[in-house]
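Q: One structure is given below, represented as structure tokens, and several questions about it will come after.
The values are calculated or read from the model by the stated rules, or taken from the named source; none is laboratory data. The structure displayed is predicted, hence computed values, not measured ones. Here the Cβ positions follow ideal geometry from the backbone for every residue, glycine too, while neighbour counts run over all protein chains shown.
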């Protein structure tokens, strides 16, 4: 089992954009510096793939943001926002993130999940049982405690807010 970071490790980074976005907005009234998050997640290892799971609205106002992610070398996975009768809006990526993690696992040593969503606990446990190192990078106050405990490493973005946050 891999227990340490070294430059020969192959890593995939999966970014739950909505989770980080809402955490930064609610905790700090700020935006996330996704370039800094990616750099910390990779940590001088061999990046195989980086995915950002994003939501497209009818207005399309987020298009420049998607382009900025692509310029950082992050592949975007896009899902349209669904609006239901009564005003409920939904665009859940949990299953898509989990499927991508399972698909890419044979090609990497480490998977870094940028999300604090406790729904990923079973995914983390599955990947670890497959012999993968699993790291979580997210905001500590909005990360499920069981997710922090299950991961091989938890990287708390709140320790260096000046590095990971941008003013709105």
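Q: Could you please find all residues in the range 35-59 being modelled with pLDDT under 95 and within 16 Å of residue 18 (Cα to Cα)?
A: Those that are modelled with pLDDT under 95 and within 16 Å of residue 18 (Cα to Cα): 54, 55, 56, 57.
Q: Quickly run through the range 43-68 and pick out the residues that are closer than 25 Å to residue 106 by Cβ and either loosely packed, with under 15 Cβ neighbours inside 10 Å or in contact (Cβ under 8 Å) with a residue 40 or more places away in the chain (or both). Let's see the steps before the verdict.
A: Of all residues in the range 43-68, those closer than 25 Å to residue 106 by Cβ come to 43-53.
Within the range 43-68, 44, 45, 46, 48, 49, 51, 53 qualify.
Q: Just need a number here: residues in the range 124-163 that are buried (at least 22 other Cβ atoms within 10 Å of the Cβ) and in a helix (DSSP H, G or I).
A: Total satisfying the criteria: 4.
Q: Looking only at the range 17-33, filter to residues that are within 24 Å of residue 48 (Cα to Cα) and in contact with a helix residue (DSSP H, G or I) (Cβ under 6 Å, 6 or more places away or on another chain); which one of those is surrounded by the fewest Cβ atoms within 10 Å (Cβ to Cβ)?
A: Applying the filter and picking the extreme gives 33.
Q: State yes or no: is residue 136 touching a helix residue (DSSP H, G or I) at 6+ places or on another chain (Cβ under 9 Å) and either touching a residue at least 12 places away in the same chain (Cβ under 8 Å) or under 19 Å from residue 13 (Cα atoms) (or both)?
A: Details: touching a helix residue (DSSP H, G or I) at 6+ places or on another chain (Cβ under 9 Å): yes; either touching a residue at least 12 places away in the same chain (Cβ under 8 Å) or under 19 Å from residue 13 (Cα atoms) (or both): yes.
For residue 136, the condition - touching a helix residue (DSSP H, G or I) at 6+ places or on another chain (Cβ under 9 Å) and either touching a residue at least 12 places away in the same chain (Cβ under 8 Å) or under 19 Å from residue 13 (Cα atoms) (or both) - is met.
Q: Now a separate question. For the condition closer than 16 Å to residue 38 by Cβ, over 12 Å from the mean Cα position of the chain (by Cα) and free of Cβ contacts under 8 Å to residues at least 40 places away in the same chain, what is the one hit in 160, 85? Lay out the reasoning, then the answer.
A: Working: 85 fails: closer than 16 Å to residue 38 by Cβ.
After applying the criteria, what remains is 160.
Q: Here is a further query. For residue 73, are the conditions met, namely being under 17 Å from residue 168 (Cα atoms) and at pLDDT 90 or above?
A: Numbers: under 17 Å from residue 168 (Cα atoms): no; at pLDDT 90 or above: yes.
Judged against the criteria, residue 73 is not a match.
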